[in-house]
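**Student:** Dumping the structure here so I can ask a few things about it.
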Amino acid sequence: MFTKLSQLGEFGLIELLKNCRGSGAAVVEGRKPRGVYGHEPYVVHGIGDDTAVVPLDARRYLLLTTDMLLEGVHFERKAPPRLIGRKALACSISDIAAMGGVPRYALVSLGVPGNLSWTFVRDVYQGMDALARPFGVAIVGGDTIKSTKVVINIALTGEAGKSDVVYRSGARAGDQIFVTGPLGKSLSTGWHLKFTPRLKESRYLVRHVKPTAMIDISDGLAADLGHILEESKVGAVLEENEIPRRAGANVRQALYDGEDFELLFTVPRRKAAFWGRQKQFRFYPIGEIVPHAKGLLLKNKTGALAKIEPRGYTHF
């Protein structure tokens, strides 16, 4: 039966692509299929997380991610081009951070109209470079094409110790839920162009706490927590009064706006006091993981519980 992409939604489309046998889109984790030339690639973790995970050496995994940004969807052409370039790379660094890894090498593909000025393109790349340097990322190549709108695609590699990688699937009932910063109104405040990927926070968490699950908030708190709940087969209760909000943001905006790029993670209850013992970072406890049957709930200041939908920004 023919189904339009608008009916499937972004993640419905991804689910279908997972099963596209013969198209090269599907991966089978833990198996070594023999390729045309006799190679036997091994996939540790494929579609369904912030990055793919494949072997690197005896101690480390290689992390692979890619992000495509489109004019009119992720930025407006009138925005400062340095900030456009900065955001393009920052989104991919944020994905690596969400997996507990460290970014390494980037490939940049750029589609631009032929009548666009050279200075615009130059400034986009300078914005990328200004972020790449402090995060230890080397931009090593890419591609350019003519297009009707500005399109930027970043393919980024990273690495992580085998025991450091954090997936979306490890949350358990009783775990505490945290975020790394305020949420909501990212577009109206310009945060979506100026955010700093929470790589330092990720490194601290991996070394001192080891979250059971983690994701970066791109589509919205409710939607991205929903991904953790789906992959971990659990539910959650969020404390409305504990959700940190950007100035002027209400609870609905904090739940659904997206483009915050804060880390959302879970830790076992016995480790939950870590956030009050350290002074280097701000971590905000916002709720608790509960059994799957309870779904996603929001508790207000009176203690009343209301079921909320794990939805946010969708591309279709």
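**Student:** If packing is taken as the average number of other Cβ atoms within 10 Å across a peptide's residues, how do 300-310, 205-215, 133-143 rank, most packed first?
**Tutor:** Averaged packing, sorted descending, gives the order 205-215, 133-143, 300-310.
**Student:** Taking the Cα centre of the stretch 176-307 as origin and charging only Cβ (+1 Lys, Arg; -1 Asp, Glu), how large is the dipole, in debye to the nearest 20?
**Tutor:** Roughly 640 debye for the stretch 176-307.
**Student:** What share of the DSSP beta bridges in the chain is antiparallel, in percent to the nearest 5?
**Tutor:** 75 percent
**Student:** Would you please classify the overall shape of the chain from the alpha carbon gyration tensor, given that a ≥ b ≥ c denote the square roots of the eigenvalues, rounded means a/c under 1.5, and beyond that prolate means a/b larger than b/c while oblate covers the rest?
**Tutor:** rounded
**Student:** Also: For the chain, what is the calculated [θ] at 222 nm in deg cm²/dmol (nearest 500), taking -39500 (n - 2.57) for each run of four or more DSSP H residues and dividing by its residue count?
**Tutor:** Roughly -7500 deg cm²/dmol at 222 nm, from the helical runs in the chain.
**Student:** Name the residues of the stretch 144-158 whose amide N is less than 14 Å from a point 7 angstrom out from the Cα of Leu116 along the C-beta direction?
**Tutor:** The answer is 144-154.
**Student:** Net charge within 11 Å of Leu63 by Cβ-Cβ distance, Lys/Arg positive one each and Asp/Glu negative one each, not counting Leu63 itself?
**Tutor:** -3
**Student:** With a ≥ b ≥ c the root eigenvalues of the C-alpha gyration tensor of the stretch 141-202, is it rounded (a/c under 1.5), prolate (a/b larger than b/c) or oblate?
**Tutor:** oblate
**Student:** Additional query: Any idea what Rg and Dmax come out to for the stretch 50-161 if you just take the C-alpha atoms, in Å?
**Tutor:** Rg, Dmax (Cα atoms, Å): 14.4, 50.
**Student:** Still on this structure, I have one more. Tell me the net charge near Asp257. Cut-off is 11 Å between Cβ atoms, Asp257 excluded, with +1 for each Lys or Arg and -1 for each Asp or Glu.
**Tutor:** Here the count lands on +1.
**Student:** Enumerate the lysines that Lys200 could reach by cross-link, defined here as Cα to Cα under 28 Å, with residues fewer than 8 away along the same chain left out.
**Tutor:** Lys87, Lys162, Lys185, Lys210, Lys271, Lys279
A short reminder: the numbers here are calculations on the coordinates, not readings from a lab. What you are looking at is a predicted structure, and each value in this text was computed from that prediction instead of being measured. Neighbour counts are summed over all protein chains in view; Cβ atoms, including those assigned to glycine, are modelled from backbone coordinates with ideal geometry.
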